[in-house]
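The values are calculated or read from the model by the stated rules, or taken from the named source; none is laboratory data. The structure displayed is predicted, hence computed values, not measured ones. Don't worry about glycine lacking a Cβ; one is built from the backbone with ideal geometry, like all the others, and counts go over all protein chains shown.
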Amino acid sequence: MKESIVRILKQIGISTLICFLFTFMLFIFGPTEIFFANHTEFEFVYSNFAPKLVIYGIVLTVLPGIFIGLLPNIANKIINAIVLGFSIAGYIQIMFMNKHLDLMGLNADGYHTTTLAGIINISIWVVIIAGCIFLAVKVQKNQVLAYIAGALVLIQAVAMISLLATGTQDCYEYPETEYHLSGDEQFILSSNKNTVVFVLDCFSNVNLNNAIAAAPDCIAPFHDFTRYDNGDCVYYGTFPSLTHMFTHDKYDFTLTVNDWTKRAWTSDSCNYFYDELQKNNISFNMHTPLISHLTGGNAPEELLSGKFTNFNSASLEREVNEPLLSKGMLKMSAYRMLPNYFKNKFYAQASDYNDAVHVIDDSIMHENYDFINALEEKGLSVKDCPGMISVNHLMGTHVYQNDELGYYKDDATADETSIGCLNVVSEYLDEMKRLNIYDNATIIITADHGSEYGQVPIFLIKQPGETHDDMPINTAPISHMDLLGTLAASMGIDSTPIGTTIYDFNPGDLRERTFYLRDNMDEYPRVPCYTGDKEGGSNVFVAYTYTGTEQDLLALLFDYYTDVYPMVDCYY
């Protein structure tokens, strides 16, 4: 009797250890590693999710461990082997088979793999699990499985301790002084002169054309605008595009992210533009939560003070939905650990973790659905000032999570999201009309970059007093290189010291432009992420120089690049 109890307790102990390996990887170490590798992109701290996941992990270790330990010997061995095999395969997946895996959830289409790659990947999992079952059946003692599980727990525990010990203070607590861009005036404009810019992230000509084909009336509210359909965003990616758009400084591939962002915000053309705004008492409110996309790892106060009116240092009060955040982090961990075939079912969109954290009072509305909800709740209002530039950087079509009106929808399509984005902007224009500030305003609707197979960003503009029954299309070869000069001109500032405006180009003009796309090339060395604590996701910018239209660019993409620029480090 005593020997039987000892044997059962030993089985329970072994089964619990094997279960702990699985839950430790999925609930504890996985989310921890993801957080510390990407903490500069998150708006929360470690304690907001870690304790709950630890508790879940312990509960889901002990209960299954006891249950499996009480099973008959052969059943106990086989189930232990399956759990261990799944854990080992997950470990190998993370270490060797997740090359350049997108973890931040900014791909609207989720995760995709080829059929062949999926079959090979799942075959490796089957072989590993089968090998563990074979080992469990052939080896007389269960301790062998326990030794393997214990070794893997130990290896990852040491790595986790290192992460916890080397984590910076901002990983554990919110700073008392938080330099940030405030959303207090996101729905306030000048009673006099306004330039409003909507940056709809990842919204391309292809998105717009598809939206019009699906719902022709979606473009009707923009009949006063002129559409430029031959634009060029210069860079693929919110970084470096957003900084380039509002500094006019071209990315220098020989510099680090931090060195270039510092140069960009202190460049002559940038200083001239923002100094002229101040001289003319013109406010510039930049509404984006992605401040590190503008400043890299530099101190924001050193680069943005005196440039954006809504830049301040007030401490932020947050409301954190910890269960929702824990669920989002667990989803990211499962996505990273599972075979390629199942990853898309666990692909975590950015909203899965961002929506769990809300800044109270002065938060910036970045998600399309948050923006329209706040707009309908608050409406637009005006204040007495000589002039204002207001930039609203929205999620656009980076993720498909709004319906055709702009409200949240979990399983939205690309067309629904595009049409919804247009409706969000349309409602904003209606508010401007209600306040009688629409006619005298310059309004630009564009994107920081396009999508993978639609790299040309949308560009619609309405100048003061512009009106027509149908929106004309202008084929002039414009570029984001022309944006800052155009903004200066819209506020009556001499744009000559900055450079070109969109008005300097006409349909039929031949203009040589170069588009830069992030890529990975094995013949170039890997580079670190700009944060210095992980490897960068890309190692080169591939350049495509073309003269002509979007079709000329598309004919080059992915096959006929004109140059390659190795990175020093990588933002993403």
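Here are some notes:
- Residue within segment 332-353 that is under 30 Å from Leu487 (Cβ atoms) and buried (at least 21 other Cβ atoms within 10 Å of the Cβ) present: no
- Any helices (runs of 4 or more DSSP H) falling wholly within segment 179-279 and containing at least 2 residues that are surrounded by fewer than 17 Cβ atoms within 10 Å (Cβ to Cβ): 205-214, 257-265, 268-279
- Among (1) assigned by TED's automatic domain parsing to the domain that holds Val196; (2) not in a loop (DSSP other than H, G, I, E, B) - the single one His366 does not satisfy: (2)
- When the residues of segment 448-466 are filtered to those that are under 14 Å from Gln551 (Cα atoms) and not in a loop (DSSP other than H, G, I, E, B), the one that is modelled with the lowest pLDDT is Gly454.
- Scanning segment 406-443 for residues being under 17 Å from Asn210 (Cα atoms) and either crowded, with 18+ Cβ neighbours inside 10 Å or not hydrophobic (A, V, I, L, M, F, W, C) (or both) gives a total of 12.
- Answer residue from segment 280-313, given it is surrounded by fewer than 21 Cβ atoms within 10 Å (Cβ to Cβ) and among the small types (Gly, Ala, Ser) and is nearest to Gly396 (Cα to Cα) among those: Ser292
- Taken over segment 482-510, the criterion of being in contact (Cβ under 8 Å) with a residue 60 or more places away in the chain and buried (at least 19 other Cβ atoms within 10 Å of the Cβ) is satisfied by Leu483, Leu484, Gly485, Leu487, Ala488, Ser490, Met491, Ile493, Ile498, Ile502.
- Test: residue in segment 16-23 that is touching a strand residue (DSSP E or B) at 6+ places or on another chain (Cβ under 8 Å), in a helix (DSSP H, G or I) and assigned by TED's automatic domain parsing to the domain that holds Ala151: no
- Only one entry of Lys99, Lys138 meets the criterion of being under 30 Å from Arg7 (Cα atoms), out of contact with any strand residue (DSSP E or B) (no Cβ under 7 Å at 6 or more places or on another chain) and modelled with pLDDT under 95, and that entry is Lys138.
- Residue in segment 500-511 that is at pLDDT 95 or above, touching a Lys or Arg at 6+ places or on another chain (Cβ under 8 Å) and either outside any loop (DSSP other than H, G, I, E, B) or on the phi < 0 side of the Ramachandran plot (or both) present: yes
- Taking the criterion of being under 22 Å from Gly85 (Cβ atoms) and of a type in the set (Asp, Glu), the only residue of segment 1-60 that qualifies is Glu33.
Per-residue answers, yes or no, for (1) at pLDDT 95 or above; (2) farther than 30 Å from Thr114 by Cα; (3) not aliphatic (A, V, I, L, M):
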{"position": "Asn280", "(1), (2), (3)": "yes, yes, yes"}
{"position": "Asn285", "(1), (2), (3)": "yes, yes, yes"}
{"position": "Ser292", "(1), (2), (3)": "no, yes, yes"}
{"position": "Thr295", "(1), (2), (3)": "yes, yes, yes"}
{"position": "Glu301", "(1), (2), (3)": "yes, yes, yes"}
{"position": "Phe311", "(1), (2), (3)": "yes, yes, yes"}
{"position": "Pro323", "(1), (2), (3)": "no, yes, yes"}
{"position": "Lys345", "(1), (2), (3)": "no, no, yes"}
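- Count of segment 358-383 residues which are at pLDDT below 90 and surrounded by 16 or more Cβ atoms within 10 Å (Cβ to Cβ): 2
- Those helices (runs of 4 or more DSSP H) of segment 43-156 in which 3 or more residues are surrounded by fewer than 19 Cβ atoms within 10 Å (Cβ to Cβ), within 28 Å of the chain's Cα centre (by Cα) and among the hydrophobic types (A, V, I, L, M, F, W, C) occupy 73-96.
- Looking across segment 512-546 at every residue that is in contact with an Asp or Glu (Cβ under 7 Å, 6 or more places away or on another chain), among the aliphatic types (A, V, I, L, M) and not in a loop (DSSP other than H, G, I, E, B), the one that is nearest to Cys171 (Cα to Cα) is identified as Val540.
- Within segment 514-529, residues that are outside the structural domain of His100 (by TED's automatic domain parsing) and farther than 15 Å from His449 by Cβ have Cβ atoms under 6 Å from residues that are of a type in the set (A, V, I, L, M, F, W, C) and at pLDDT 95 or above in these pairs: Met521/Val540; Tyr524/Val540; Val527/Met567; Val527/Cys570; Cys529/Cys570, counting only partners at least 6 apart in sequence or on another chain.
- The residue of segment 467-497 that is farthest from the chain's Cα centre (by Cα), among those that are assigned to a loop (DSSP other than H, G, I, E, B) and within 26 Å of Asp563 (Cβ to Cβ), is Ala476.
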